[in-house]
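Below is one structure, written out as structure tokens, with a few remarks after it.
Throughout, read-outs are computed from the coordinates displayed, never taken from laboratory work. The shown structure was predicted, so the numbers you read here are calculated from the model rather than taken from an experiment. Note: ideal-geometry Cβ built from the backbone for every residue, glycine included; neighbour counts use all protein chains shown.
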Amino acid sequence: MEFDAFSGGIEPGGLRNKSDIGVLICYMLHNIDAPFLKEDIVNIIQENAIANYFETITAIEELVKCGNIEYADENEEMLMITQNGKLISSQLYTTLSVTLRQKTIGAIMRLVTQKRLEKENPVTVEMAEGGGYHVNFRITDGMRDLMSLTLFVPTIEEVKEVKKNFYSRTDKIYSAVLAAVVGDNGMIADALRELKK
């Protein structure tokens with residue numbers, strides 16, 4: 001196979017052929033089958049070192065120009081696949097390795113799960129009087145609040161870390177706080193063990 005794409009930032013097994021990058025983007029959008037942020041597609045490809053950033057952007061532009069994908073909004077932030085793109089994905093997805101397809105779909109699923117978690121459990125940040133920040137956490141079941149918590153954090157770097165930890169352990173944090181306020185020692189021990197994992 002002829003390599004005709006820049007390979008900077010690509011791991012072994014990544015894509016070095018422009019047409020393969022286009023097939024991958026069609027494959028991603030076909031499997032999502034809903035409008036998806038252009039930025040998220042580019043980030044998935046970049047974070048997994050699948051293809052060069054500039055080649056990915058160029059491939060998206062070419063796919064739009066050829067009518068294989070289209071913008072789903074006026075701001076050109078959301079992409080969706082067309083019937084032509086679905087045909088390309090259906091006929092050519094096997095040119096992509098199984099490992100690459102699985103890696104890509106896994107990354108999409110993790111991103112969709114993370115976005116749903118962030119939507120259902122919002123975190124807001126406000127400047128505190130006298131400096132620092134108030135970080136407001138809400139844990140919901142998707143319909144109603146289960147817990148709200150406000151935490152003072154002195155620096156913006158710590159705000160970022162606190163948010164990251166909150167989203168990576170939302171269920172464990174809820175269990176630990178619930179165990180503490182209920183006063184069940186067995187439940188507290190279980191919650192602490194889970195937090196250590």
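Protection proxy ranking for 14-22, 41-49, 89-97, using the average of other Cβ atoms within 10 Å per residue and placing the highest first: 14-22, 41-49, 89-97.
Given that just one value was derived from the coordinates, which of (1) 18.1, 57; (2) 21.5, 65; (3) 16.5, 50 is Rg and Dmax of the Cα atoms in Å? Only one option fits the structure, namely (2).
Here the relative contact order of the range 1-152, from alpha carbon pairs under 8 Å that lie six or more residues apart, stands at 19 percent. Between 0 and 90 degrees, the angle of helix 38-47 with respect to the longest Cα principal axis of the chain falls at about 90 degrees.
Taking amide H as placed 1.01 Å from N in the peptide plane, the amide H of residue 69 sits under 5 Å from that of 64, 82, each at least 5 places away or on another chain. Taking each residue as 0.36 nm, the span from residue 74 to residue 98 lengthens on full extension beyond its C-alpha to C-alpha distance by 5.2 nm. Against the main long axis of the alpha-carbon atoms of the chain, helix 185-196 sits at an angle near 30°.
Site pair residue 156 and residue 115 shows an inter-label distance of 2.6 nm when each label is modelled 7 Å from Cα along Cα→Cβ. Rounded to the nearest 10 degrees, the angle from helix 18-32 to the longest Cα principal axis of the chain is 50 degrees.
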